[in-house]
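Please read the structure below before turning to the comments.
The values are calculated or read from the model by the stated rules, or taken from the named source; none is laboratory data. Not measured: the values here are computed from a predicted model. Reconstructed Cβ throughout: ideal geometry from the backbone, glycine too, with neighbour counts over all protein chains shown. Note: accessible area is taken over every heavy atom of the protein model, side chains too, but ligands, DNA and RNA are not part of it. Shrake-Rupley method; radii C 1.70, N 1.55, O 1.52, S 1.80 Å.
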Amino acid sequence: MTMRYASLSLLFLSCLLLAPAAMPVAADDGDLADHDRARAALRRGEVMPLRDIIAKAEEAFPGRLLEVELDEEDGRIVYEMEMLSPDGRLIKLVYDARTGTLLSAKGAGLEKSR
């Protein structure tokens, strides 16, 4: 009985130690689903290509692109972007994904919202 208890304890401990290693796989699957969703929206003509939106953002707000998300806000699909300006300020941009219209720009030194 002691040997069986020790084996079960070791198995349980192994599962606990390995569980965190499995978590990033689940997160990657979610990212893949978002990527597929974005590609399907592009094929259906619901959104502009990301490269076009990035070009608009970099022209209006020089700096380094940090992050882009395709999201839905108030029933409209938007690209939410974070840029780092050359002087180190964080700029948050929201573009209408269908039209490419800048909906808001927030960051130190910018207007409150456009």
Can you name the residue in the stretch 94-108 that is assigned to a loop (DSSP other than H, G, I, E, B) and hydrophobic (A, V, I, L, M, F, W, C) and, of all such residues, is surrounded by the most Cβ atoms within 10 Å (Cβ to Cβ)?
A97
May I ask you to list the residues in the stretch 35-61 that are touching a strand residue (DSSP E or B) at 6+ places or on another chain (Cβ under 9 Å) and open to solvent by less than 80 Å² (accessible area, probe 1.4 Å)?
A38, A41, E46, V47, M48, L50, I53, I54, A57, A60, F61
Which condition number does I91 fail, the rest of (1) part of a strand (DSSP E or B); (2) open to solvent by 70 Å² or more (accessible area, probe 1.4 Å) being met?
(2)
If we keep only residues of the stretch 62-88 that are open to solvent by less than 50 Å² (accessible area, probe 1.4 Å) and touching a Gly at 6+ places or on another chain (Cβ under 7 Å), then the residue nearest to A38 (Cα to Cα) is M83
